[in-house]
Amino acid sequence: MKKIVAPPKLFHRFFRWYCHPKMLGHIEGDLLEDYRDRVHKKGKWRADARFVLDVLLLLRPEIIRPMEGYKNLNTYGMYKNYFKISFRQLAKNKTFAAINISVLTLGFSCFILLALYLHDELSFDRFHSDAEKIYRIVQHEQQENGTIRSVSSVAPALGKEAREQFQEIEDMCRLSAFGRVTLGNDPLTRTHERALSADPNFFTFFNFPLIEGDPKSVLQNSDAIVISESIKEKYFGEGPALGKQIWSGYMRQGKPVYLTVGGVMKDFPKNSHLQISLLFSDATWNVQYRDYAQYVNTDWVDTEYTTYLKLKPQSDVALLTAKIKNLVKSNYPTDREFKSNFELQPLQEIHTETEQFQSAADEFNANNIKPFYLYTFAALGIILLLTACLNYMNLATAVAIKRTREIGTRKTLGAPKFQMVTQFITDSVVLSLLSFIIAIAIVYAVLPFVNVFASKALSITTLPVEWMIGILFIIFIVGILSAQYPAFIATRVSIVDALKREVKLGGSSLSVRKALLIAQFAISIMMVASTLVIYQQLNYLREKDLGFNHENMVVIDVNSRNLRRNFETVKTEFSKPAEVLGITASTRVPGEWKSFPIATTKSSENINGSEMIFVGIDNDFLDTYQIKLLAGRTINDPVADSLKIVLTQLAVEQLGLTDPIGQTIEIPKVRYGERMEELEQPFRVEVIGVVEDFHFESLRANMMPVIFGALNTSIQVIDYYTLKIKTNDWAQTIETLKTINNKIDPNTPLEYTFLDSRFEELYVTDARRGQIFLTLSIIVVVIACLGLFALVSYSVESRMKEIGVRKVMGASVNSIVRLISKEFLILVVIAGIVGLPIAWFFMRSWLQEFAYRVPFGVSVFALAILLTLIIAFVTIGLRAARAARMNPVNSLRSE
Amino acid sequence: MTQHSLGEFEELVLLMVAALHDEAYGVVILEGLEEKLKKKVNISAVHVALKRIEDKGFVKSRMGGITEDRGGRRKKFYVITALGKRMLDAQYDLRNSIYKQIPKISFG
């Protein structure tokens, strides 16, 4: 019997363990053959030694089995295959790919833009290094009529005193606005700038960067100003301006005051609630006004100073608020009733929680936005993304059913369900990423226009990495989720059916796709209806009869004493040109200009008094503004009629007067912006006329009652001339007016505004939001229609034979188009039923912002449905007509 | 595809595969080399070289039948490919052309 010779077992097993399985067979064979040979030739011992040596020398990277298991190689190949198939699918169904990519790109671009916008809105005031520690003191004051007046500023003495008394406060900074100042060394180019004054620590308290000057000392000296870069360029041109002097409209001992540039600051970033271009040092007022220091340190009643506090970490904000309230209460004059509540508003919340504050100066609450709009925009972004996904799901499902042969083949070859799902996920992720890349390019391209339109400084690069990753993640998730449904439908079919190509459009799959389409169109109809309502409201605001004439009116701001002193002469001078049809002087003009003096007015029937706008007018006011006089007469002479007034109907009503003419009413106090002033002795006046109601302010607010008095009252001085103009050449007319102005006052330039453009400006943000809505709803409708188009194409293709048979039997093109359209149009109608209530609810809450709103009802919604139906019908019709016109031979021959 | 290089030992193995046409497998190549080179060659070196030249596409392989004296293991037969042959030709020409440049000097 042949003796079995075997190599050393241990090394043989070692070799079998480490050798790559693919090579194991033949190398082992070689080894054994060699071994047997050697045993014969050289003996077992020598052969064993050689075998061990060979095994050890074979232990090389080329021969060892890979660490991660050699089988992985297969799966990597599979992934490669998934991508290959995905791209082939795209190339095969070009229309499908084009529609999907454009829809996803549209959806993603809008989503990214909205994300950028939201990020910008949420980034307000976060660039200060101590942003979390800074608070603004705001005050809620209860009015006599029970309403609450909220102001974002407090008494001048509060800040300093609180800083000294309360441990929690690390630092304090006050700002106050004092209107406008005329600047310019050259009398011809002088202009007016809004100006504020600030405590010396402003630039160390906040982090607004300075280009010139030392942050610690720029606001130290009197007559020192800090100007923004753009103001510097306007007055000093290029190059440094530090230490340069500039003429100002202020006078001191009969001489004009020259201000010194103490510093130049960068223009304030757009995402700051403070927008300041000119800052005075507080020290300037100590020189300018004798009692200024005393006023600032002892006044506890005025609400003129916007006060910011920097708190030490872990301070109890509620406790400090209570302490502040007590501090003000204990210092409040004893003869006045203290009815205020205080609140510490975190710096970062100012941007979104400022709506209710009445502040004379826009600088303090610039660009604020209601959280409502932020939520709306976030919702819009998600809605857009959602419609794009629904669309994708719908199309992918339609195409997936065509891919049953592929699925069948995969199944036959033993693919588990998981692998087929992976194929679908790869498809959608590939598509999403492609669209994402295009979307980024589009965002880059349109961003400059968006920035101009929204007056923002958005940029992709300012978006933090986390946001970018978040967006990518959402898009990825969207890709994976949208693949689930098509994958589910496609993998459900049995192998035999799939291979036989006898897949019926599963009833449930069709109804789900219809549901998706309904959802898309519900969103579209919602957007269309909302846009219609927004535009109706904007139109309503523009067209609404305000109760006075605001067209072709030029308003001249009075900025100097020369223009104010002899208003009769000024009026005659200005009325000389033929273009001027009328001129009137008044203390205020309609259109939310500067703050109105609000007079508390009492009558015998109304003892508590009501707040009314007080305007001083001359004898031409009612004629120029075309305000209708209902009874009595108007103010004729500034002196003789100085104790006479004219009321609006609303004022008469609020005062409870039945026969107003000849009655006497009483004005005990007047509020100027933030400041309430008791008149030295109550102003007792006689009613001589009643005029029709008119809207003095934006239509967001309720109509206020108005009192017209004479110009020469203690309440206010002339601030405006209003000219009614009729001209064909506005530029020429304005030149004429400028010449007249220079004759009267060579030192101050003419400042004029068109009254109607002023009223347009009141609604400029609304108009802008309307445009955003319009754009987004067009995009949503386009997406929905592309989806509809693809779905109709699919339906038509799968019914080609049916259409052919129908045509052979004598059906007309029209009847076939009708047949195909009907089922889809029903979906749109259902979508309307779903979408409209949501739109109605949403629009109702938006319109709450306006005191005067357009009545909207069935007609708007009917219009929205009709519009959508027409668009849908055109989409369907295009595709259906093509199918219906085809020669039936082509479709019937295909067997 | 980039031009593959051919190491010295790889070249010898490739030559041997070509020479043994259709009969080349591990042990035979090893024995052939040992005979020509007159020195011991390790089987591991042969296998690594074979794997490398196969990856480079100079040889292709097929599995043979099961034989008794290999403990029931298959043989893996290697055959030179057209690319491998071209490579050998190129190497040969290169060497020859340089060799011809050697001046005729006596090395007595």
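FYI, it's all coordinate maths here, none of it is from the lab. These numbers come from a predicted model, not from an experiment. No Cβ is skipped: glycine too gets one built from the backbone with ideal geometry, and neighbour counts run over all protein chains shown.
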* Structure fact -> Scalar couplings 3J(HN,Hα) for segment A:806-815 by Karplus 6.51 cos²θ - 1.76 cosθ + 1.60 (θ = phi - 60°), nearest whole Hz, x for Gly and Pro, are 4, 5, 4, 6, x, 6, 8, 4, 4, 5
* To do: Along each of the three principal axes of the Cα atoms of segment A:721-862, give the extent in whole Å, ordering the values from largest to smallest.
  => 91, 35, 22
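Which percentage, to the nearest 5, of the DSSP beta bridges contained in chain A is antiparallel?
On the way: 77 of 95 bridges.
If I count the DSSP bridges inside chain A, around 80 percent turn out antiparallel.
Loop-only trypsin sites (Lys or Arg not before Pro) in segment A:793-895, please: DSSP not H, G, I, E or B, and at most 11 other Cβ atoms within 10 Å. Let's see the in-between values first.
Values: sites: A:R799, A:K801, A:R806, A:K807, A:R818, A:K822, A:R844, A:R853, A:R879, A:R882, A:R885, A:R893; in loops: A:R799, A:R853, A:R893.
Sites meeting the loop and neighbour criteria: A:R893.
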* **Nonlocal amide H pairs with A:L679, under 5 Å, H built at 1.01 Å** => A:K669, A:V670
* To do: Mind pulling the angle between the C-alpha long axis of helix A:156-165 and the longest principal axis of chain A? Nearest 10 degrees, somewhere in 0 to 90.
  => 60 degrees
* Excluding residues fewer than 8 places away in the same chain, name every one of the aspartates and glutamates whose C-alpha is closer than 20 Å to that of A:K402. => A:D427, A:D497, A:E502, A:E797, A:E802, A:E895
* Listed residue (A:F754, A:I707, A:Q520) projecting farthest to the positive dipole end of chain A, Cβ model -> A:Q520
* Structure fact -> Expected vector for segment A:266-281, Karplus 3J(HN,Hα) from phi with 6.51, -1.76, 1.60 and θ = phi - 60°, integer Hz, x for Gly and Pro, equals 4, 4, 4, x, 5, 9, 10, 6, 8, 10, 10, 10, 9, 10, 9, 7
* Structure fact -> Within the set B:K39, B:K60, B:K85, GNM on chain B using Cα springs under 10 Å gives the largest fluctuation to B:K39
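Per-residue ellipticity at 222 nm for chain A, helices alone: DSSP H runs ≥ 4 residues times -39500 (n - 2.57), over residue total, nearest 500 deg cm²/dmol? Mind dumping the intermediate values first?
Values: 28 runs with 456 residues, N = 895.
About -17000 deg cm²/dmol.
For the protein assembly as shown, with only Lys/Arg (+1) and Asp/Glu (-1) charged at the beta-carbon, what is the dipole magnitude about the Cα centre, in debye rounded to 20?
Working: 117 positive and 104 negative charges, 1877 e Å.
Its charge dipole is roughly 9020 debye.
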* May I ask which residue of A:L311, A:S428, A:L847 lies farthest towards the positive end of the charge dipole of chain A, with charges of +1 (Lys, Arg) and -1 (Asp, Glu) on Cβ and the Cα centre as origin? => A:S428
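In square nanometres and to one decimal, what's the mean projected area of the convex hull around the Cα atoms of segment A:134-350?
Numbers: hull surface 55.4 nm².
Averaged projected area of segment A:134-350's Cα convex hull equals 13.8 nm².
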* Rg/Rh for segment A:342-449: what does it come to with C-alpha atoms and Rh from Kirkwood? -> 1.28
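From the cross-link list A:K22/A:K80; B:K36/B:K56; A:K255/A:K644; A:K266/A:K738; A:K266/A:K724, which pairs have alpha carbons spaced over 29 Å apart? Please report the intermediate quantities before stating the final value.
Working: A:K22/A:K80 23 Å; B:K36/B:K56 25 Å; A:K255/A:K644 39 Å; A:K266/A:K738 33 Å; A:K266/A:K724 41 Å.
Pairs exceeding 29 Å: A:K255/A:K644; A:K266/A:K738; A:K266/A:K724.
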* For segment A:553-758, size of Cβ-based charge dipole, Lys and Arg +1, Asp and Glu -1, in debye -> 340 debye
* Structure fact -> For A:K44, counting only aspartates and glutamates whose alpha-carbon sits under 20 Å away and dropping same-chain residues fewer than eight positions off, the answer is A:E28, A:D30, A:E33, A:D34, A:D54, B:E31, B:E68, B:D69
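Taking Cα atoms of chain B, Rg/Rh with Kirkwood Rh, to two decimals?
On the way: Rg = 16.3 Å, Rh = 15.3 Å.
With Rg and the Kirkwood Rh in hand, the quotient comes to 1.07.
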* Structure fact -> Calc'd 3J(HN,Hα), segment A:765-780, phi into Karplus 6.51 cos²θ - 1.76 cosθ + 1.60 (θ = phi - 60°), Hz, glycine/Pro = x, comes to 5, 5, 4, 5, 5, x, 5, 4, 4, 4, 4, 5, 6, 4, 4, 4
* To do: Using +1 at the Cβ of each Lys and Arg and -1 at the Cβ of each Asp and Glu in the protein assembly as shown, identify which of A:T204, B:A18, A:T569 lies farthest towards the dipole's positive end.
  => B:A18
* Quote the Stokes-Einstein diffusion coefficient, in whole µm² s⁻¹, for segment A:553-758, based on the Kirkwood radius over alpha carbon pairs, a temperature of 4 °C and a viscosity of 1.567 mPa s. => 73 µm²/s
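I need the Kirkwood Rh of chain A: take the reciprocal of the average 1/r across all distinct C-alpha pairs and report it in angstrom.
Numbers: mean 1/r = 0.0290 Å⁻¹.
Hydrodynamic radius (Kirkwood, Cα pairs) of chain A is 34.5 Å.
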* To the nearest 20 debye, what charge dipole does segment A:9-57 have about its Cα centre, counting +1 at the Cβ of each Lys and Arg and -1 at the Cβ of each Asp and Glu? -> 220 debye
* To do: Quick one: which residues, 5 or more positions from B:V59 or on another chain, have an amide H under 5 Å from its amide H? H modelled 1.01 Å from N in the peptide plane, none for Pro or chain starts.
  => B:E54, B:T81
* Other-chain or far-sequence residues with amide H under 5 Å of A:G582's (modelled H) -> A:K724
* Tell me, Kirkwood radius of segment A:759-822 from alpha-carbon pair distances, in Å? -> 15.1 Å
